[in-house]
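Every number in this text was worked out from the coordinates using simple rules, so none of it is lab data. Fair warning: this is a prediction, and the values are worked out from it, not measured in the lab. Glycine gets a Cβ as well: all are built from the backbone with ideal geometry, and neighbour counts include every protein chain shown.
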């Protein structure tokens, strides 16, 4: 992993929350999810809220809930990458127990 990629990952923390989580944030959210999937390290995952980007999990969750399929796919790809490094059983259980928290995309 390149130093530039890690630096870009840490810059996610400085992006305005409205830009990441607003109603028209699809492009930025998808890009953020792709960056997270490509740049997050096991150390960042294990640090959780102490990570250089404490909201990385919230960004991916937002992407999974987003109304556009391409944003959902970017978020799912990020989770798939992370699941290779960390057990995500608790997250999956949460989604199964609360299936309506992740609405189906409008096709």
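What nm value, rounded to one decimal, do you get for the distance between residue 83 and residue 46 when each label is placed 7 Å out toward the C-beta?
With each label point 7 Å from Cα toward Cβ, the separation is 2.3 nm.
Arrange the peptides 69-77, 20-28 so that the one whose residues have, on average, the most other Cβ atoms within 10 Å appears first.
Values: 69-77: 18.9, 20-28: 14.4.
Going by the mean number of other Cβ atoms within 10 Å, highest first, we get 69-77, 20-28.
Can you put 11, 62 in order of Cβ neighbours within 10 angstrom, beginning with the fewest?
Values: 11 11, 62 19.
Ascending number of Cβ neighbours within 10 Å: 11, 62.
Rounded to the nearest 0.05, what FRET efficiency is calculated for residue 14 and residue 90 with R0 set to 35 Å and r the Cβ-Cβ distance?
Step by step, r from the Cβ atoms, then E = 0.75.
When a footprinting reagent is the concern and you count Cβ atoms within 10 Å, what order do 55, 89 take, fewest first?
Details: 55 18, 89 9.
Going from sparsest to densest Cβ surroundings: 89, 55.
Classify the stretch 3-101 from the C-alpha gyration tensor, please: rounded if a/c falls under 1.5, else prolate or oblate depending on whether a/b exceeds b/c.
Here the stretch 3-101 falls in the oblate category.
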